[in-house]
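Quick notes on the structure that follows.
The values are calculated or read from the model by the stated rules, or taken from the named source; none is laboratory data. From a predicted model like this one, the values you see are computed outputs, not experimental measurements. Virtual Cβ from ideal backbone geometry, glycine too; neighbours counted across all protein chains shown. Protein only, heavy atoms only, side chains kept; ligands, DNA and RNA dropped before computing areas. Shrake-Rupley method; radii C 1.70, N 1.55, O 1.52, S 1.80 Å.
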Amino acid sequence: MIRAAETCACPIREIGPSMTGSCSSQFVLFMSILESFVNGRCDVADPCNRVTDRGIPDDSYDFVVVGGGTAGSVVAARLSENPQWKVLLIEAGGDEPIPSSVPAWVTAYWGRKDTDWDYSTVPQEKACLDSGGVCSWPRGRMLGGCSVINGMMYMRGNPTDYDGWAVNGATGWSWFEVLPYFLKSEDNREIGNGVSGQYHNIGGPLPVQRFNYAPRFAHDVVSAAIEMGYPPTSDLNGETGTGFTIAQTFNDNGSRYSTARAYLRPASKRENLHILLNAEGSRVIVDPATKKVTGVEYIKNGQKNVVGVNKEVVLSGGTINSPQILLLSGIGPRETLEQFNIPVIMDLPGVGQNLHNHVGVTLEFTLTKEPDVPELSWESAMEYMLKRQGPLSGTGLSQLTGKVNSRLAAAGGRNPDVQFFFGGYSASCGDGSVGDAETLADESNKRTVSVSAIALQPRSRGYLTLQSADPQQPPKLQPNYFLDEHELAVVVDAARIAYRLANTTILREKYGMQPTEGYGSECPGGGPNPTDEFFKCLTKLHTAPENHQAGTCKMGAADDPMAVVDPQLKVYGIDGLRVADASIMPTVVSGNTAGPVVMIGERAAEFVITKYQEQLRNLYGENASSLSSDSDYSASNDRWNNNDSGNDKWDGRWKPWDKHWDDSQWAKPYDHPSQHVDWHRKNNVNQKPHHSR
């Protein structure tokens, strides 16, 4: 039988809204029972490590981080490692709900205002025409942000993405220079099991591994891709950047690992870190004479409040919220600010510009040899409750992906411009049944799956601007999808690849996979030999608008008129203000953005730490290390070892800090790179022993 609620070391509180609202009414009874059991599991609820809402903050802090999402959680936790700094994190939502930890319930908190900003674009002329041209952009509104509602896929993008940033003005952001910060955050549980230690690391806060469960169909798609000639790979973040694979994700033993869980929960016991929940950062207060940040305005319980800032503010509101806060603060295009009677603090024309996103088409296929039986049943629920395995421990086909070169990709084959995402075999909702005999015998009741063919390197650019000076009104979002038809041509080619994939021997013979009859019937030119015009029409109709928005606070050189932040992520012309999230990307990376955003958070924190350490050195010379724990982050530490010993050049790739702060005393320095930091042990966090890896 299903276990009763466990006796945990700390009382379990039900956190966040129920997930049952995401299911149809006929499923509510079963889902309510299942959710109650999930809420009673100690490893899922994690009651001893949950954050505490400060309620009323102190008058001032050394650092204020606005936005506790994917990057903000990283920045706040890292800055608070220095016990001499007071850090405040302001988050518009609440703590992440307990049920969000179940991988299969990945979309349970989309489309509801208490957990999702639920943004929509203005009507598009060439996209999302099946919904009146309005594209939906879910964005997480809770601690962990989008890392609580995304598919958890761990991708880094192409190395050429970052080299392009560096060449075009983002000095210090080449692939070789950002790779150490990917490694710093990573605790890869599968090194030596299809994943190479040349490209991955252990000991970081974020566990990275495949889910405990993937449908058989997902494995067969990988085989089908090999049949098509794509190289076999188990790691698109390794030596081979093209091919199809079941991706690694941010999860631990069948449970989602958001950045809030990985970074903030271990840090939340620190007396110098305060977290303010359900408080919306509305404005950064800047002295108009000195251009120095002096405070942050926020709204909590309908009341505006101000907290003072002694050193810096880091905006981590995301691609939409960060530029909106800048505009409301008087930082942005002069004409926009004057239009809304906002006093101009700094005329920065790039704020809100350069908005872009991955985009593609959603295709639907029917598996004519497979009945559509529920993935979620009492049996599969038991499998999760007892062993953290089965369909609930994964995301169905969403963990499957592929990256390939279209006909329009750059020469050389190492900069793939297409990614495929899949949908189906979901265990998100159910009534506990496995399907009756009549259902199984019904020839019309066949399983469908979706394939989204995505252009990874869009050329179209849009913008974000204010609709109102009211900070609680959403901004105007104009992505200008397919303004440049380059990505439309890429998507057409990608759709043809998806059709060829469906027609491979294994998928055709084993599953009877074929385009769903009637899907896209509004578009001329369909049928057995679809035309380019059919795929273009289908793309505009059934657009996959993706959720990888980037670019609205572009990072660039001082002579770039559209740059908002410099390569240290400091806002041009403002003293004490940085931005750290996907908005700083000059161009969106070629893949999922969660991993790169964590890297940006790690770098932002180190930029801040290094700055104040250097100030101490300038004041006190080399003796500064005895005056402040800032020395924990010595800029002179060799964090990347090129290994002159003649062995593999990546051996000993990540050199941990020379010293580590354990909140009470200096820990013994590490003697060798192989002695990785165990984040949970160092921070006294309850954690099961790691799997062998």
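Some values worked out for this structure:
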{"read-out": "Count - residues of segment 522-549 that are touching a helix residue (DSSP H, G or I) at 6+ places or on another chain (Cβ under 9 Å), in contact (Cβ under 8 Å) with a residue 60 or more places away in the chain and in a loop (DSSP other than H, G, I, E, B)", "value": "4"}
{"read-out": "Failed item in (1) open to solvent by 10 Å² or more (accessible area, probe 1.4 Å); (2) on the phi > 0 side of the Ramachandran plot; (3) within 17 Å of the chain's Cα centre (by Cα); (4) among the small types (G, A, S), with G111 passing the rest", "value": "(3)"}
{"read-out": "Residue list for segment 154-166, filter: open to solvent by 10 Å² or more (accessible area, probe 1.4 Å) and among the hydrophobic types (A, V, I, L, M, F, W, C)", "value": "A166"}
{"read-out": "Only one of Q473, Q457, Q514 that is within 30 Å of I342 (Cα to Cα) and of a type in the set (S, T, N, Q)", "value": "Q473"}
{"read-out": "Matching entry among N272, N305 (being open to solvent by 10 Å² or more (accessible area, probe 1.4 Å), over 14 Å from I56 (Cα atoms) and either of a type in the set (G, A, S) or at pLDDT 95 or above (or both))", "value": "N272"}
{"read-out": "Residues of segment 411-426 satisfying the condition of being modelled with pLDDT of 95 or more and either closer than 20 Å to Y511 by Cα or open to solvent by 10 Å² or more (accessible area, probe 1.4 Å) (or both)", "value": "N415, F420, F421, F422, G423, G424, Y425, S426"}
{"read-out": "Residue in segment 33-52 that is in a strand (DSSP E or B) and either more than 15 Å from S18 (Cα to Cα) or not charged (D, E, K, R) (or both) present", "value": "no"}
{"read-out": "Residue check, T539 open to solvent by 10 Å² or more (accessible area, probe 1.4 Å), within 24 Å of D484 (Cα to Cα) and of a type in the set (S, T, Y)", "value": "no"}
{"read-out": "Sole exception among (1) of a type outside the set (D, E); (2) farther than 30 Å from Q84 by Cα; (3) touching a Cys at 6+ places or on another chain (Cβ under 8 Å) for L326, by number", "value": "(2)"}
{"read-out": "Count of segment 500-521 residues which are in contact (Cβ under 8 Å) with a residue 40 or more places away in the chain, in a helix (DSSP H, G or I) and of a type outside the set (A, V, I, L, M)", "value": "4"}
{"read-out": "Residues (of a type in the set (G, A, S) and at pLDDT below 95) located in segment 527-564", "value": "G527"}
{"read-out": "The lone exception for R283 - which of (1) open to solvent by 10 Å² or more (accessible area, probe 1.4 Å); (2) part of a loop (DSSP other than H, G, I, E, B); (3) touching a helix residue (DSSP H, G or I) at 6+ places or on another chain (Cβ under 8 Å) it fails", "value": "(2)"}
{"read-out": "Of all residues in segment 464-481 being out of contact with any helix residue (DSSP H, G or I) (no Cβ under 9 Å at 6 or more places or on another chain) and touching a residue at least 12 places away in the same chain (Cβ under 8 Å), the one that is surrounded by the most Cβ atoms within 10 Å (Cβ to Cβ)", "value": "P479"}
{"read-out": "Hits in segment 36-84 - residues which are at pLDDT 95 or above, farther than 17 Å from G94 by Cβ and acidic (D, E)", "value": "D58, D59, D62, E81"}
{"read-out": "Residue within segment 463-485 that is closer than 22 Å to P515 by Cα and either in a loop (DSSP other than H, G, I, E, B) or in contact with a strand residue (DSSP E or B) (Cβ under 8 Å, 6 or more places away or on another chain) (or both) present", "value": "no"}
{"read-out": "Lone unmet requirement of (1) β-branched (V, I, T); (2) more than 24 Å from L456 (Cα to Cα); (3) in contact with a strand residue (DSSP E or B) (Cβ under 8 Å, 6 or more places away or on another chain) for I191", "value": "(3)"}
{"read-out": "Of residues in segment 36-58 being among the β-branched types (V, I, T) and open to solvent by less than 20 Å² (accessible area, probe 1.4 Å), the one farthest from the chain's Cα centre (by Cα)", "value": "V38"}
{"read-out": "Near pairs, Cβ below 8 angstrom, 6+ apart or cross-chain, from segment 214-233 (in contact (Cβ under 8 Å) with a residue 60 or more places away in the chain) to any residue that is assigned to a helix (DSSP H, G or I) and among the basic types (K, R)", "value": "D220/K510; M228/R500"}
{"read-out": "Residue list for segment 183-198, restricted to those being of a type in the set (G, A, S) and closer than 18 Å to R261 by Cα", "value": "S185"}
{"read-out": "Qualifying positions in segment 167-189 - in a loop (DSSP other than H, G, I, E, B) and surrounded by fewer than 19 Cβ atoms within 10 Å (Cβ to Cβ)", "value": "N168, G169, T171, G172, S174"}
{"read-out": "Members of segment 309-324 that are open to solvent by less than 10 Å² (accessible area, probe 1.4 Å) and of a type in the set (A, V, I, L, M, F, W, C)", "value": "V313, V314, L315, I320"}
{"read-out": "Test set (1) touching a residue at least 40 places away in the same chain (Cβ under 8 Å); (2) over 21 Å from H358 (Cα atoms); (3) touching a Pro at 6+ places or on another chain (Cβ under 8 Å) - S460 fails condition number", "value": "(2)"}
{"read-out": "Positions within segment 403-429 being touching a helix residue (DSSP H, G or I) at 6+ places or on another chain (Cβ under 6 Å) and of a type in the set (G, A, S), in sequence order", "value": "S406, G423, G424, S426, A427, S428"}
{"read-out": "Segment 190-241: number of residues that are part of a loop (DSSP other than H, G, I, E, B), of a type in the set (D, E, K, R) and open to solvent by less than 50 Å² (accessible area, probe 1.4 Å)", "value": "3"}
